[in-house]
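The values are calculated or read from the model by the stated rules, or taken from the named source; none is laboratory data. All values reported here derive from a predicted model rather than from experimental measurement. FYI the Cβ positions are ideal-geometry reconstructions off the backbone, even for glycines, and counts take in every protein chain you see.
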Amino acid sequence: MSFRYLNAASDARQAITIDPKYAKAYARLATAHDMLTEYWQSVKDWQKALDALPTENPSDAEKKQREQYQAGLNTSQVALQKLLAQPNRAFALPAREASQLPWVAAMALLPRLALEGNYDSSAWVISTAAQVFIDGVSKMKNTTKVGAALIGHMNVIASISNAVLSDNRAFHISDPQFVSMYNLQVQHEVISNGAEAWTDAGPAQVKKEVQARLQTNGWSKVRPAISITVRCLIMRAFMEGSIRGLHSLELEFLNTVLDILEWGRKVFRDVPREERGTVFDLTFVRGVRNMHLHALMETYAKNPTGNEQYLEELLKRSNDLIREVDENPPPESLRTTDPGFKLAYYDYCKGHALAMKGFYYNKMGNSQASKNAGEAIKSYSTAGHAYLAAAECFPPDDECYSCKVK
């Protein structure tokens with residue numbers, strides 16, 4: 001896995017803390033922000049790198065540094081202007097169309113489905129995710145700044161990220177102030193209760209500091225810090241991939257999340273759930289793995305030439321997810337007590353993983369077609385069987401069912 005940008009930024013910040021006049025550290029931080037498309041920050045860092053260089057009697061090496069940093073600043077400024085010039089892709093739905101949104105229709109179906117004992121419907125998934133999302137956004141709107149203090153609800157980012165992991169079709173922006181409200185909410189939750197989240201750190205720093213903080217602060221402080229860190233990274237990944245279409249960047253953030261979660265599941269496997277928190281639950285990690293599969297597929301599909309490693313990783317991780325679901329089936333009671341959760345974190349995750357296997361073998365067939373027709377036919381056949389198996393994991397009324405059957 002690659003965490004180069006986040007780890008590079010984390011290392012640079014630590015170097016700056018030790019020496020605030022270290023020009024190379026600012027340049028490294030600026031480069032990391034450029035790669036993360038955070039041009040508004042890289043512009044500031046390039047300028048700080050320039051300001052840290054001596055102005056009197058500079059050496060030849062320092063003159064060359066200044067030229068490089070100025071070029072970096074110029075490039076970042078141009079990139080920032082292009083970013084700011086991009087049109088707003090958000091739009092408002094007319095009231096008559098809003099009433100026909102999928103989660104609204106799904107919620108209307110629930111009483112009838114419950115009466116019929118029908119727990120195999122996509123309505124359970126989308127309505128559950130939407131209710132959690134809408135509740136989170138409603139609470140987020142109440143967060144306000146009073147002087148230097150922030151007042152508002154906690155665990156809002158948990159609600160929004162849970163909704164995205166359960167069914168990202170529930171995510172919608174109905175308020176033009178959503179982004180500013182979200183950023184304020186993150187700020188509120190990061191600093192509240194002394195959580196001190198690692199919103200700017202790479203996985204190596206997070207893992208190191210988690211162990212150190214546990215020795216001094218215990219789980220009461222570390223648990224919320226890990227939770228908000230992981231959930232902010234999940235939401236950043238989702239927004240980069242689904243809203244900005246930057247799937248390679250989405251993959252970078254999800255790699256970081258999985259590195260932290262998979263490490264934590266091993267290191268803290270004997271710590272009670274109520275102590276370590278729900279982000280280390282197998283179903284939560286499975287939701288992130290499911291999201292990661294999609295990011296791998298999109299990253300490869302956007303630029304397949306030279307990126308075959310993403311396709312191979314997609315197959316491996318798809319097989320791992322399928323095996324993990326099969327080895328850890330849901331409790332039988334979950335089907336009726338929480339059908340939305342059962343479908344989202346068991347059936348849908350397995351279905352998506354099978355569909356990714358279908359994608360892999362379809363691409364293999366395409367590459368083999370001109371070289372070995374027999375092998376290509378085998379790959380296409382394997383792809384077809386994977387897609388059909390995927391369809392069986394989804395309720396018949398879900399769009400994913402028809403997509404995989406076709």
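The table that follows gives values for the structure above.
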quantity: Scan of the stretch 223-259 for residues that are surrounded by fewer than 23 Cβ atoms within 10 Å (Cβ to Cβ) and either at positive phi or touching a Leu at 6+ places or on another chain (Cβ under 8 Å) (or both), ordered by number; calculated: GLU240, GLY245, LEU249
quantity: Residue match in the stretch 261-281 (condition: modelled with pLDDT of 95 or more, more than 21 Å from ALA201 (Cβ to Cβ) and surrounded by 21 or more Cβ atoms within 10 Å (Cβ to Cβ)); calculated: no
quantity: Residues of the stretch 55-67 that turn out to be closer than 20 Å to ALA12 by Cα and at pLDDT 85 or above, as a count; calculated: 2
quantity: Complete set of residues in the stretch 335-345 that are in contact (Cβ under 8 Å) with a residue 60 or more places away in the chain and among the hydroxyl-bearing types (Ser, Thr, Tyr); calculated: THR336, TYR345
quantity: Residues of the stretch 41-72 that turn out to be under 20 Å from ALA25 (Cβ atoms), free of Cβ contacts under 8 Å to residues at least 40 places away in the same chain and part of a helix (DSSP H, G or I), as a count; calculated: 20
quantity: Verdict on GLU327 being surrounded by fewer than 21 Cβ atoms within 10 Å (Cβ to Cβ) and among the acidic types (Asp, Glu); calculated: yes
quantity: Top-ranked residue of the stretch 20-46 - restricted to ones that are charged (D, E, K, R), modelled with pLDDT of 80 or more and in contact with a helix residue (DSSP H, G or I) (Cβ under 7 Å, 6 or more places away or on another chain), ranked as surrounded by the fewest Cβ atoms within 10 Å (Cβ to Cβ); calculated: LYS21
quantity: Inter-residue pairs, beta-carbon under 6 Å, first touching a residue at least 24 places away in the same chain (Cβ under 8 Å) and more than 26 Å from MET154 (Cα to Cα) and in the stretch 116-138, second of a type in the set (Ser, Thr, Tyr) and buried (at least 18 other Cβ atoms within 10 Å of the Cβ), 6+ apart; calculated: none
quantity: Test for THR382: is it at pLDDT 95 or above and either outside the structural domain of ALA301 (by the TED database) or over 18 Å from SER166 (Cα atoms) (or both); calculated: yes
quantity: Inter-residue pairs, beta-carbon under 7 Å, first over 13 Å from GLU298 (Cα atoms) and in the stretch 243-263, second of a type in the set (D, E, K, R) and part of a helix (DSSP H, G or I), 6+ apart; calculated: PHE253/ARG236; PHE253/GLU240; LEU258/ARG289; ILE260/LYS207; TRP263/LYS207
quantity: Number of positions in the stretch 107-128 that are aliphatic (A, V, I, L, M) and either out of contact with any helix residue (DSSP H, G or I) (no Cβ under 8 Å at 6 or more places or on another chain) or on the phi > 0 side of the Ramachandran plot (or both); calculated: 3
quantity: The stretch 196-219 residues that are in the same structural domain as ASP259 (by the TED database), paired with ones that are among the basic types (Lys, Arg) and in a helix (DSSP H, G or I) (beta carbon under 7 Å, 6 or more apart); calculated: ASP200/ARG13; ARG213/LYS221; TRP219/ARG276
quantity: Matching residues, the stretch 360-381, being touching a Leu at 6+ places or on another chain (Cβ under 7 Å) and more than 12 Å from GLU312 (Cβ to Cβ); calculated: none
quantity: Condition met for LEU93 (out of contact with any Cys (no Cβ under 9 Å at 6 or more places or on another chain), modelled with pLDDT under 85 and assigned by the TED database to the domain that holds LEU29); calculated: no
